[in-house]
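These notes are about the structure you will find just below.
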Amino acid sequence: MRIVNFTDEKGYLRASLIKDDDPDSMAKYGVPVGIPDLEELDWDGFKRDLHNSLMQEKFYTMKDVMSSGKAFAPAMTILKRHLAELYLSESVTTQDKSSGG
């Protein structure tokens, strides 16, 4: 078995597991491998946390952002936290499926 990358009909990069002797064109029919579904990300929570962080940092204008030594670091911290939560929930779901639960 091998992993093949491909672009789906919506332009998203994907990967799937196919047989060693299958042509790469079979990738869209293989077993999906890759990142968790970003549709499952808590976008409302992310927007709220980002809004609150930008307000706490007093990033009201681009001038405020540029004059800060932090720039958008707080926003990246929030994004990383939400992505980590998504990966962790995906990991728990995958473990539940593999254990029959």
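Please treat every number below as a calculation from the coordinates, not as lab data. On a predicted model such as this, the values are computed, not experimentally measured, just so you know. Neighbour counts are summed over all protein chains in view; Cβ atoms, including those assigned to glycine, are modelled from backbone coordinates with ideal geometry.
The local environment of Leu17, defined by Cβ-Cβ distances under 15 Å, has a net charge of 0 under the rule Lys, Arg +1 and Asp, Glu -1.
Stretched out straight at 0.36 nm per residue, the stretch from Leu38 to Tyr60 would grow longer than its current Cα-Cα span by 5.1 nm. Rounded to the nearest 10 degrees, the inclination of helix 43-56 to the longest alpha-carbon principal axis of the chain is 30 degrees. Rounded to the nearest 20, the Cβ-based charge dipole of the chain about its Cα centre (Lys and Arg +1, Asp and Glu -1) stands at 480 debye.
A value for Rg/Rh (Cα atoms, Kirkwood Rh) was derived from the coordinates, and within the list (i) 1.48; (ii) 1.31; (iii) 1.16 it appears as (iii).
Have a look at Pro23, Leu79, Trp43 and report the one farthest towards the positive end of the charge dipole of the chain, computed about the Cα centre with Cβ charges (Lys/Arg +1, Asp/Glu -1). Result: Leu79, furthest along the dipole toward the positive end.
If you take all other residues with their beta carbon under 15 Å from the beta carbon of Asp42, and give Lys and Arg +1 and Asp and Glu -1, the sum is -3.
Here Lys70 is the anchor, and the aspartates and glutamates within straight C-alpha reach of less than 15 Å, apart from those fewer than 8 places off in the same chain, are Glu57.
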